[in-house]
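Structure first, then comments.
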Amino acid sequence: MRPASRSRTGFFHGGAVGAIADSGGRLCRLLADAGGSEILTVEYKLNLIRPAVPPTLRAEGRVLRAGKTLTVCRADVFHCAPSGAGGLRAAAIDADADGAGS
């Protein structure tokens, strides 16, 4: 983890957690989209559930609803501990649009 990604308390900064969640949602949409079009995030809502502990976080995404131009995904961010234990740190709802026409 880079120092710029940390808060003053040593945990991942909320902005870094949000970026990981957004990336998880976008990747989920890209994998579900057979057309391979360009994706633009138009909105996301992030709930920070627990402090995100360094050094590693993992995002898991799933499509909640896929439309012609807008897809809504959920991305969960988990702490990955060396011992294998971890836990949910954040949950996000991500709305992505087809950016091919922009």
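Details
- Protection proxy ranking, peptides 51-64, 9-22, average beta carbon neighbours within 10 Å, highest first: 9-22, 51-64
- Between the amide H of ILE49 and those of ALA90, ALA91, distances stay under 5 Å, these residues lying 5 or more places away or on another chain, with hydrogens modeled in the peptide plane.
Taken together, the values in this text are just the output of simple stated rules run on the coordinates, not laboratory data. Note that the structure is a prediction, hence the values are computed from the model and not measured. So basically every Cβ, Gly included, is an ideal-geometry build from the backbone, and we count neighbours across all protein chains shown.
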